[in-house]
Every structure is written in structure tokens, then in C-alpha cells.
Amino acid sequence: MSNTDFVLAVEGLSVSFDGFKAIDSLNLYVDRGELRVVIGPNGAGKTTLLDLICGKTRASEGSIKFRNEEMTRLPEFRRVRKGIGRKFQTPSIYENLSVFQNLEVSFPRGRGVFGALTFRRTSDVLDRVRSVAGEIGLENQLDLEAGLLSHGQKQWLEIGMLLMQEPELLMLDEPIAGMSVREREVTAELLKRICQNRSMIVIEHDMAFVAQIAHKVTVMHQGKILAEGAMEQVQADPRVIDVYLGH
Ligand code: ADP
Ligand code: MG
């Protein structure tokens, strides 16, 4: 494939588990600054797709290009350094540390060669913690123990921990599961805000939420893409209604 403007270009991607094709010759292109939502019935392969993009699972076939660079055989930590951030379904924050400390430990260290510039590094960290805390709406909770946050706030904190790394592609798996109505509204605003500086892939079931945030929707079914396009277009597609929305 030649160079493209896509931040992410997935082509011919497949993975098999014991002969079962969980992802089957899938193509996916995500633009810079795009917020893509992936929907589909349970078992469609949505989580597996994110596992393949972030490097948690190795592809059997196909290619994953991030900013025109081949990622398919890179280990997960190298993909993180390249700018791919991934949030899993269950939050993985440090409950015993404060919100501040959770963000602080997520600042990428040792990236540059000049690790000796400690003073500058420290003020960089503080600046980033403050700006990320503001972005996720936890600027007044910085000293609070993370374990005391509400369920929604914990999810936002974990998104903040990813933002500390300034990912160019951020992937979230069912970020509003278990949230209250109010928390869902706040999360929609949060996601719209943070995708102004990056691309995002969000897996979600709640169609009202999807309608609020999605630039484009990809519908997966049996490891393949069933439909893709604007929300209204996808919602009106008889095949989508048949396998997913009709239930
Ligand atoms: P979704 O997130 O859309 O609900 P998943 O990606 O979790 O779907 O799963 C897709 C299919 O792949 C399911 O049938 C699941 O059981 C299977 N699968 C996912 N991961 C593994 C694995 N590590 N080993 C074996 N089967 C898996
Ligand atoms: Mg899943």
C-alpha cells in the first residue's frame, strides 16, 4: 500500500483462535481527528480488533499501519510509544494513590536521551498533570485517593492516564458501561473535546451515546465489517437492523 493521510490503515487483517476466525480479512481506515465508533453484537470481534491494533494480540494475516508506519509485528509497548493508547473495559487505576499520583506515574519517562534534565522534566510533568486533570474534569480531586472516586470518575481518570502519554490514536472499549445518565453526558462531552487533538476508536452499545459522539460508525458482525458510514445511514441499513439493531 502507498502512503496515505489516514492515521490508521488496517488491511486484510485476520486472526484465528483454534481455527475460528475472530477477525476475517478486515479493512479499516481512520482519518486524523476522526472519532470512529465500532458497534456490533457480542462476539462480533470488536474487542479483538482493538487487541490487534494495540498489539495485545498478534495478527495471523494482514497489515496495520499507523501514520504510514507498519505496526503489525511491533510489540505492544513500542506501539504505545509510537502513540497508540488503549483503555480496556475494566479500569486499571491505582486505588491507593491520589488522582495526582495516578496521572504523574503515567507520564512517559525515559523517552528522550536527555534524562538528566530533571528540573525541566518535573515542571513538564506538573504542567501536563494540571492540563489533563482539567480536561477530564478532576482538577478539584487531585489530592483525593483514587479509590474514593465514583465509578464514572475512575473511568475519566483512566482516560486521563492515557492522555498523559499524548496518544495520537486513543481506543476505548465500552467507556460508559455502568455509568449514570449524568456521567454518560459528561463522558460524551469529554470524548468530543479530547478528539480535537487526536483520532479515536470507541466501542459502544448505547445508540443514544453513539449518536452524540460518532463521526462515522463501523458495524461489525462475525469478524467482518457489515456496514460503515454516517450514523443515520448505518441505522437505516436493513442488514444492520437484522443482525444488531432489531434486537
Ligand atoms: P466483541 O468484543 O465484539 O463482543 P470479541 O472480540 O471479544 O467480541 O470476541 C470475538 C470472538 O473471538 C468471540 O467468539 C470470542 O469468544 C473469541 N475470542 C476472543 N479472544 C479470544 C482468545 N484469546 N482465545 C479464543 N477465542 C477468543
Ligand atoms: Mg468486547
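Miscellaneous remarks
- Integer Hz, Karplus 6.51/-1.76/1.60 couplings in order for segment 95-100, x for Gly and Pro: 4, 8, 9, 6, 4, 4
- DSSP bridge orientation in the chain - percent antiparallel, rounded to nearest 5: 55
- Cα-based Lys pair tally, the chain, threshold under 13 Å, eight or more apart or on separate chains: 6
- Between Thr4 and Asp31, the distance separating the two model label sites (each 7 Å from Cα on the Cα→Cβ line) works out to 1.3 nm.
- Angle between the chain longest axis and helix 118-135 axis [Cα atoms, degrees, rounded to 10]: 50
- The chain - percent of accessible surface contributed by carbon and sulfur, probe 1.4 Å: 49
- In sequence order, calculated HN-Hα J values of segment 184-190 (Karplus, 6.51, -1.76, 1.60; Hz; x Gly/Pro): 5, 4, 5, 5, 4, 5, 4
- Here the label points at Glu166 and Lys21, each 7 Å from Cα along the C-beta direction, are separated by 4.1 nm in the simple model.
- Close amide-amide hydrogen proximity is noted between Met200 and Glu34, Leu35, Arg36, Leu170, each under 5 Å apart and 5 or more residues distant or on a separate chain (H modeled in the peptide plane; Pro and chain starts excluded).
- Solvent exposure of the chain, expressed per residue, is 48 Å² of accessible area, with all protein chains present and a 1.4 angstrom probe.
- Per-residue 3J(HN,Hα) values for segment 74-86, derived from phi via the Karplus relation 6.51 cos²θ - 1.76 cosθ + 1.60 with θ = phi - 60°, read 7, x, 3, 5, 6, 5, 4, 5, 6, x, 9, x, 9 Hz in sequence order (x marks Gly and Pro).
- Per-residue ellipticity at 222 nm computed for the chain from its helices equals -9500 deg cm²/dmol, with DSSP H segments shorter than 4 residues left out and the rest contributing -39,500 (n - 2.57).
- Under-5 Å amide H pairs with His221, H placed in peptide plane, nonlocal only: Leu226
- Dipole moment magnitude, nearest 20 debye, the chain about Cα centre, only Lys, Arg, Asp, Glu C-beta charged: 740
- Crossing angle, helix 151-163 versus the chain [Cα axis fit, 0-90 degrees, rounded to tens]: 80
- Listed peptides 172-181, 69-78 by packing density, highest first (mean Cβ within 10 Å): 172-181, 69-78
- Taking amide H atoms as placed 1.01 Å from N in the peptide plane, the amide H of Thr57 lies under 5 Å from those of Leu52, each 5 or more residues away in sequence or on another chain.
- Based on C-alpha pairs under 8 angstrom that are at least 6 apart in sequence, the chain has a relative contact order of 27 percent.
The values are calculated or read from the model by the stated rules, or taken from the named source; none is laboratory data. Model, not experiment: these values are computed from the prediction. So basically every Cβ, Gly included, is an ideal-geometry build from the backbone, and we count neighbours across all protein chains shown. Keep in mind that these areas ignore ligands, DNA and RNA; they rest on the heavy atoms of the full protein, side chains included. Shrake-Rupley method; radii C 1.70, N 1.55, O 1.52, S 1.80 Å.
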